[in-house]
1. What is the residue count in the stretch 112-134 for residues that are more than 16 Å from ligand 1 (Cβ to nearest atom), over 29 Å from Lys205 (Cβ atoms) and not hydrophobic (A, V, I, L, M, F, W, C)?
2. Kindly evaluate Met76 against the criterion of being at pLDDT 95 or above, exposed (fewer than 13 other Cβ atoms within 10 Å of the Cβ), more than 16 Å from ligand 1 (Cβ to nearest atom) and more than 17 Å from Val360 (Cβ to Cβ).
3. Any chance you could count how many residues in the stretch 50-60 are out of contact with any Pro (no Cβ under 9 Å at 6 or more places or on another chain) and open to solvent by 40 Å² or more (accessible area, probe 1.4 Å)?
4. Within the stretch 79-94, how many residues turn out to be under 30 Å from Gly152 (Cα atoms), open to solvent by 20 Å² or more (accessible area, probe 1.4 Å) and not aromatic (Phe, Trp, Tyr)?
5. Just one of Lys224, Lys197 is among the basic types (Lys, Arg) and outside any helix (DSSP H, G or I); which is it?
6. Being farther than 25 Å from Glu173 by Cα, open to solvent by 60 Å² or more (accessible area, probe 1.4 Å), within 14 Å of ligand 2 (Cβ to nearest atom) and of a type outside the set (Phe, Trp, Tyr): is that true of Lys205 here?
7. Taking the stretch 152-166 only, how many residues are touching a helix residue (DSSP H, G or I) at 6+ places or on another chain (Cβ under 6 Å), assigned to a helix (DSSP H, G or I) and either within 18 Å of Ala294 (Cβ to Cβ) or not β-branched (Val, Ile, Thr) (or both)?
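The values are calculated or read from the model by the stated rules, or taken from the named source; none is laboratory data. Here the structure is a predicted model, which is why all the values come from computation and not from measurement. FYI the Cβ positions are ideal-geometry reconstructions off the backbone, even for glycines, and counts take in every protein chain you see. The area values use the complete protein model at the heavy-atom level, side chains included, leaving out ligands, DNA and RNA. Shrake-Rupley method; radii C 1.70, N 1.55, O 1.52, S 1.80 Å.
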Amino acid sequence: MEHETPNYGDYQLEVYLRGLTGVREDLPFTFAELEARAHATLPPDIVSYVAGGAGNEYTQNANVTAFDRWGVIPRMLVGAARRDLSINLFGMALPTPLLLAPIGVIGLCAQDGHGDLATARAAATSGVPMIASTLTVDPLEEVAAQFGETPGFFQLYNPKDRAVAESFVSRAEAAGFKGIVVTLDTLQLGWRPRDLKLGNFPQLKGHCLANYFSDPVFRTKLAKPPEEDVRAAALVWASELSDPTLNWNDLAWLRSLTKLPLLLKGICHPEDAKRAIDGGIDGIYCSNHGGRQANGGIPAIDLLPTVVEAAGGAPVVFDSGVRGGEHIVKALALGASAVAIGRPYAYGLALGGEDGIVHVLRSLLAEADLLMAIDGYPTIADLNPDALHARA
Ligand SMILES: Cc1cc2nc3c(=O)[nH]c(=O)nc-3n(C[C@H](O)[C@H](O)[C@H](O)COP(=O)(O)O)c2cc1C
Ligand SMILES: CC(C)CC(=O)C(=O)O
């Protein structure tokens, strides 16, 4: 059978031949270098915001190291010359199993301050859908206009006022987004020492909240428009962003927000996954917010298998700690339907704009694809828990 997707590992050859192929010479190939160079490039308050996590960052770091518990078991001579990394998510044919996780103020990681638009263009170029945060710098309509043929998802922070939530979702639908992700693990902001030390929370300055400030229903709550008093508008935003009383009794209302595929982000317990699916939610997004919210938690990857089982066949998106191709392969083997990339693409954006994101995605895909080739798992369907060995 002819495979539709390319062998992503071919990027390796393109990189070796960079003088001929035009691959940018200045972009790193490991997360460690990506992170170090991005930190040297970005303003210190943005470094603290992007890199920082909750508490002493134990959970954030454990999200990454927990992958080391698993090893991919090599299989020989299975005929893995061609691989197929394509997936079908909610009826959408996607060339790769990757998504771009929602990153609020991703815009500020770009030199021109419009990194949301660069991210959306990278999504268009790479076919990797962007999950655009409620907190994009640019209005969601302008972000969606960059997507080309690649579907996009909209991530909602459920605000105190349901009319604001409904307004965002209907704007997202009108703008052509193909799915809605409601984030549940941020009903309160986590304790983030790096930002606390700097007295910094970028959104409180208000200059990066254009999407929020463009919402007509939100604007009715402001005594003065943000164009006249941005700081006051940001304070209203902070008090309205999340409804801490949201609970399972609100599930039917959440479901009623849209007919688009609806996912709940932040689900790490099997009973929560089951409850969501039983309540009509279409998909689970297993994540601990990259360890930014609650410290002392369990690495998200350790919780993925039971969440997948409880989801009973409904799609499960995974993020938190994905830094390399091996992590993508392991998450897929542990049952993820798709894997979302977080901080690595923010750093790619900081170093190379749209090209930087595309490079990060191509590198991750190449590494995953070559691992599947070398270890003998030619398709995502071949990746299941039997492909992994768990060290004690
Ligand atoms: C700077 C930053 C901002 C984020 N903003 C959002 C957001 O607006 N909405 C959301 O649901 N998750 C947000 N997240 C969480 C990501 O979607 C994702 O869960 C997390 O980055 C995964 O962890 P990792 O980047 O360490 O792999 C943010 C993460 C970072 C690093
Ligand atoms: C306003 C914040 C809660 C945005 C976010 O999700 C984050 O910083 O992790």
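1. Adding up the residues that qualify gives 3.
2. Values: at pLDDT 95 or above: yes; exposed (fewer than 13 other Cβ atoms within 10 Å of the Cβ): yes; more than 16 Å from ligand 1 (Cβ to nearest atom): yes; more than 17 Å from Val360 (Cβ to Cβ): yes.
It is true that Met76 is at pLDDT 95 or above, exposed (fewer than 13 other Cβ atoms within 10 Å of the Cβ), more than 16 Å from ligand 1 (Cβ to nearest atom) and more than 17 Å from Val360 (Cβ to Cβ).
3. The qualifying residues number 1.
4. Count: 8.
5. Lys224
6. On the way: farther than 25 Å from Glu173 by Cα: yes; open to solvent by 60 Å² or more (accessible area, probe 1.4 Å): yes; within 14 Å of ligand 2 (Cβ to nearest atom): yes; of a type outside the set (Phe, Trp, Tyr): yes.
Criteria met by Lys205.
7. 1
Matching residues to (1) in contact with a helix residue (DSSP H, G or I) (Cβ under 9 Å, 6 or more places away or on another chain); (2) at pLDDT below 95:
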| residue | (1), (2) |
| --- | --- |
| Phe168 | yes, no |
| Glu173 | no, no |
| Phe177 | yes, no |
| Gly190 | yes, no |
| Cys208 | yes, yes |
| Ser214 | yes, no |
| Phe218 | yes, no |
| Pro225 | yes, no |
